[in-house]
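What follows draws every value from the coordinates through simple rules; no lab data is involved. All values reported here derive from a predicted model rather than from experimental measurement. Ideal geometry is used to build each Cβ from the backbone, glycine not excepted, and the neighbour counts take in all protein chains shown.
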Amino acid sequence: MVVLLVTGLFVALWLLLAGSVPESYPTVDNPLPPPDPSSAMGGGLDGFASPYIGHTGSWDGKGGAMFGASKNGDLDIEVAMGLRWTFMCVYWKEMEPTGPVNLSEGVPSAWKSLDNFVMEAKMRKLNILMQAPVVGGNAGGPPEWAGRRQSGKSAPKNMEALVAFAGRLAERYCPGGTLATREGWGANYGVRAWELDNEPESYLTHWKDQAADYAEFVTKAAVQIKNNDPHALILTPASAAGEHGIDWIRQSLDAEARHGSPDFRTAGQGYSIGPVTDVVSFHNYEGLDTFFSGGDLTVTHAFQKVRSVFESWGNRSPGFEYPRKLDYWHTEGNFDFFGVLSEKRRAAWRFQFLTRAFAAGIRKVTIMDAKPMEQTAVKNYIRVLPNPFPMIAATDDLKILKGKAEAFRHPHSSKPDAGQVWVVWAIADTGDAVVELPWISDQATLVTLTGKRTQLNVENNRLQIRLRGDGKMPAPVLVIDRTNE
């Protein structure tokens with residue numbers, strides 16, 4: 001009976017999730033400007049500017065996959081898609097289980113495993129988004145020797161030990177750090193993007209009711225990391241989508257209110273994540289978040305909520321002011337996590353998701369756990385759009401002859417005759433569509449999810465194409481308007 005009940009509940013959840021496709025995907029009215037191509041963010045590391053982040057497989061928190069398996073296969077999948085970024089989370093409890101590690105006296109096995117991951121990523125020319133230190137979530141809280149300010153929560157009693165651990169990580173893995181020096185890389189390779197903890201507002205062991213403690217950790221860890229590498233980027237808050245996350249972020253920005261543990265309030269000093277955050281990171285699973293929120297919760301919705309709270313607090317805490325944030329990275333999420341949406345539809349969703357995110361001004365987007373058809377779609381998207389900025393909402397530029405459709409375009413430059421790439425798809429559950437695009441050159445190249453390329457002739461500067469419909473996730477096409485294709 002128990003098995004039948006569990007099976008029934010699983011089937012019911014599966015069916016409910018299968019129907020939780022957002023009804024609308026609104027664009028952002030005031031998208032952030034595209035990144036400055038002359039910017040040296042990341043200190044000019046090779047591939048650092050790429051907006052596509054790999055996030056494949058599982059992790060053991062110390063350089064491997066679950067149960068100590070190798071991550072090399074996951075890295076190879078990311079390389080095959082054309083990615084220049086990968087991801088690794090590092091658990092404090094795994095790296096320093098019995099006390100602070102003195103690496104000058106020997107390198108423990110956990111650190112050797114993490115060394116190996118970094119070296120394998122270097123061999124594949126993959127930059128690393130290192131989510132570290134991770135205290136809560138799957139890491140299970142601080143190690144026993146560090147204590148806790150509150151039982152069952154993330155803030156360690158010995159906050160300085162956590163901060164020192166962050167410094168040891170940066171000292172070893174930054175460009176020009178201990179590992180880079182040992183391997184002869186110099187300052188040409190290393191970890192330069194540090195995301196501090198994972199969904200700290202709510203996930204498993206967490207910093208709920210400890211937003212100010214988290215702000216203290218972030219502020220102090222940022223100093224340690226940047227003392228080792230001034231070019232390092234500090235990513236926070238790595239929050240999940242939803243109002244609970246927004247409320248917690250607001251608390252982490254409000255230095256005066258001191259939303260923290262009793263230990264924190266007793267100390268009497270305020271902190272805010274605002275001034276030290278270089279990149280605002282957030283998570284979004286469009287299907288899953290829509291299901292649990294009871295309303296559409298797309299990447300643009302999630303982005304706008306996080307952006308709004310950061311912008312509203314820029315000048316509200318005296319002594320903790322900060323300039324407007326321009327770098328927002330989506331660092332975790334696929335459509336539904338469980339794979340309820342078919343692989344073919346998820347491949348179509350990849351095209352749509354990337355396009356909508358870039359059009360909002362989100363600087364980097366995660367490619368998480370892509371299945372083979374999705375991998376093919378991502379590879380083809382990146383081949384056509386290695387640098388997708390700017391991505392401009394362009395539905396109003398279409399002439400729709402049949403059905404309903406949505407369009408975006410990426411101009412190659414500001415010159416009027418430079419050409420562009422269009423991303424176009426039919427609106428879900430409205431049947432096939434036929435559209436006419438304004439055109440510059442005398443030919444067009446149409447690229448599908450599978451990579452099939454079709455050359456089309458263009459007459460009178462108008463191109464007519466047919467778009468296949470679908471009840472949940474119509475497949476977009478890339479249409480290239482430039483004479484050298």
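Here are some notes:
- Once you divide the Cα radius of gyration of the range 328-390 by 2.2 N^0.38 Å, the number left is 1.06.
- Greater than 31 Å apart at Cα, pairs in LYS122/LYS415; LYS226/LYS371; LYS71/LYS226: LYS122/LYS415; LYS226/LYS371
- Dipole orientation for the range 26-384: of the candidates ALA359, TYR214, PHE337, ALA359 has the Cα lying most toward the positive pole (charges on Cβ; Lys, Arg +1; Asp, Glu -1).
- Averaging the sequence gap over all C-alpha pairs within less than 8 Å and six or more residues apart, then dividing by the number of residues, gives the chain a relative contact order of 13 percent.
- Pairs spanning more than 22 Å between alpha-carbon atoms, out of LYS93/LYS220; LYS305/LYS325; LYS112/LYS153; LYS305/LYS399; LYS62/LYS364; LYS364/LYS404: LYS112/LYS153; LYS305/LYS399; LYS62/LYS364; LYS364/LYS404.
- Scattering from the chain was approximated by placing one identical point on each alpha carbon and applying the Debye formula without solvent; log10 I(q)/I(0) at 0.09, 0.12, 0.14 1/Å stands at -0.63, -1.09, -1.39.
- Residue ranges 129-139, 325-335 sort as 129-139, 325-335 when ordered by packing (mean number of other C-beta atoms within 10 Å per residue, highest first).
- Alpha-carbon Rg with Dmax, taken over the range 418-485, Å: 12.1, 36
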